[in-house]
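Colleague: Below is one structure. I have some questions about it.
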Amino acid sequence: MEILEIMQQRHSVRQYTDRAIEPEKRTVLDALTQEINRKAGLSVQIIYDDPKCFDSFMAHYGKFAGVRNYIALVGKKAPGLDETLGYYGEELVLKAQALGLNTCWVALTHGKSKAAVGRGEKEVCLIALGYGVTQGVEHKSRPMQELCTCGEPMPEWFRCGMNAAMLAPTAMNQQKFRFELLPDGTVKAACGSGFYTKLDLGIVKYHFEAVTGKKTV
């Protein structure tokens, strides 16, 4: 399955069944997590079979139900931590989708996780993981022209990258990001101010780069 197709199929899911994630799928996700931690110097962890984290007032307030598994995004405190965790967290999200699983990025509306957070580290947010009751619904997007700057005519590869970025989940669907195609072919990505916008920037950058194969600055 093409990566863009996976992005199109993936939607946020808050209610999950009690079906366990199969050992072979856990192996794939755990291997990718280890690779990411090694490559990016992070401490991302997948916690399986822990129903207590999402059995809290805040989780119920956020309309979560049946969540037994989650990805804890943890890393050493640094200025770029949120963006880095967003980038690699979305890689895990799309791998989970490719395996037939569902996910939802979760900030604040959960209880205490079982993730190990060492000295000098920070748990930025969680990602709910499992088999959804539904496959979720597509979110509305702002027009492409509001999210990028590009001369005419727009190159097809850049348009494909923007289509991918527009499929990315962002906090409260705020889409406070912007891509700019510079005259030398460099792509600049930036985020506005607001709730978890740096995390969002990492997520949308992963979408853009995974589809185009071009690094952003």
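Colleague: Classify segment 60-125 from the C-alpha gyration tensor, please: rounded if a/c falls under 1.5, else prolate or oblate depending on whether a/b exceeds b/c.
Modeller: Values: a/c = 2.03, a/b = 1.27, b/c = 1.59.
In terms of gyration-tensor shape, oblate.
Colleague: Could you provide, to the nearest whole Å², the per residue accessible area of the chain with probe 1.4 Å?
Modeller: Details: 10880 Å² over 217 residues.
Value returned for the chain: 50 Å² of accessible area per residue.
Colleague: In whole Hz and in residue order, list the ³J(HN,Hα) couplings for segment 129-138 that follow from phi through the Karplus curve 6.51 cos²θ - 1.76 cosθ + 1.60, θ = phi - 60°; x for Gly and Pro.
Modeller: For segment 129-138, the Karplus curve yields 9, x, 9, x, 5, 10, 9, x, 10, 5 Hz.
Colleague: Here's another thing I want to ask about it. Quick query: amide H of Val13 versus all other amide H atoms, modeled in the peptide plane; which residues come in under 5 Å with a sequence gap of 5 or more or a different chain?
Modeller: Thr103, Cys104
Colleague: Here is a follow-up. What number comes out for the charge environment of Gln15, summing +1 per Lys or Arg and -1 per Asp or Glu over other residues with Cβ under 14 Å away? Show your work: numbers first, answer last.
Modeller: Values: positive: Arg14, Arg19, Lys63, Arg68; negative: Asp18, Asp55.
Around Gln15, the charge tally is +2.
Colleague: Tell me whether the chain comes out rounded, prolate or oblate; compute the Cα gyration tensor, take square roots of the eigenvalues as a ≥ b ≥ c, and use a/c under 1.5 as the rounded threshold.
Modeller: Values: a/c = 1.75, a/b = 1.56, b/c = 1.12.
The shape class here is prolate.
Colleague: OK, next. Any chance you could run the full-extension gain for Val217 through Glu138? It's 0.36 nm times the residue separation minus the Cα-Cα distance, nm to one decimal. Could you put the intermediate results ahead of the total?
Modeller: Numbers: separation 79, 0.36 × 79 = 28.44 nm, distance 2.84 nm.
Full extension of this stretch gives 25.6 nm more.
Colleague: A further question on this structure: Quick one: Karplus J couplings for segment 201-217, per residue in order, coefficients 6.51, -1.76, 1.60, θ = phi - 60°, nearest Hz, x for Gly and Pro?
Modeller: Per residue, the Karplus-derived 3J(HN,Hα) values read 4, x, 5, 5, 5, 4, 4, 4, 6, 5, 7, 8, x, 10, 6, 9, 10 Hz.
Colleague: Please compute the modelled spin-label separation between Tyr48 and Ala31, points set 7 Å along Cα→Cβ, answer in nm with one decimal.
Modeller: Going from the Ala31 label point to the Tyr48 one covers 1.4 nm.
Colleague: Which cross-chain or sequence-distant (5 or more) residues have an amide H under 5 Å from the amide H of Val44, H modelled 1.01 Å from N in plane?
Modeller: Sorted by chain and number, the residues that satisfy this are Val74.
Colleague: How many percent of the accessible area of segment 4-120 is carbon or sulfur, using a 1.4 Å probe? Don't jump to the answer; show the numbers that get you there.
Modeller: On the way: 3040 of 5820 Å².
So the carbon and sulfur contribution to the accessible surface is 52 percent.
Colleague: Quick one: 3J(HN,Hα) in Hz for segment 164-172, Karplus 6.51/-1.76/1.60 with θ = phi - 60°, rounded, Gly and Pro as x.
Modeller: Karplus values, whole Hz, x for Gly and Pro: 5, 4, 6, 7, 6, x, 9, 4, 6.
Colleague: Once you order the gyration tensor axes a ≥ b ≥ c over the Cα atoms, which shape class does segment 22-114 get: rounded for a/c under 1.5, otherwise prolate or oblate by comparing a/b with b/c? Present the calculation step by step, with values, prior to reporting the outcome.
Modeller: Details: a/c = 1.90, a/b = 1.22, b/c = 1.56.
Cα axes put segment 22-114 in the oblate bin.
Colleague: Also, quick follow-up: Using heavy-atom solvent-accessible surface (probe 1.4 Å) with all chains present, what is the largest-first order of Phe179, Phe57, Phe195?
Modeller: Heavy-atom accessible area, descending, gives Phe57, Phe195, Phe179.
The values are calculated or read from the model by the stated rules, or taken from the named source; none is laboratory data. Only a predicted model underlies this, so the values are computations on that prediction, with no experimental measurement involved. With ideal geometry, Cβ positions are generated from the backbone for all residues, glycine too; neighbour counts draw on all protein chains shown. Ligands, DNA and RNA are stripped out before the accessible areas are found, and what is left, the full protein with its side chains, is counted by its heavy atoms. Shrake-Rupley method; radii C 1.70, N 1.55, O 1.52, S 1.80 Å.
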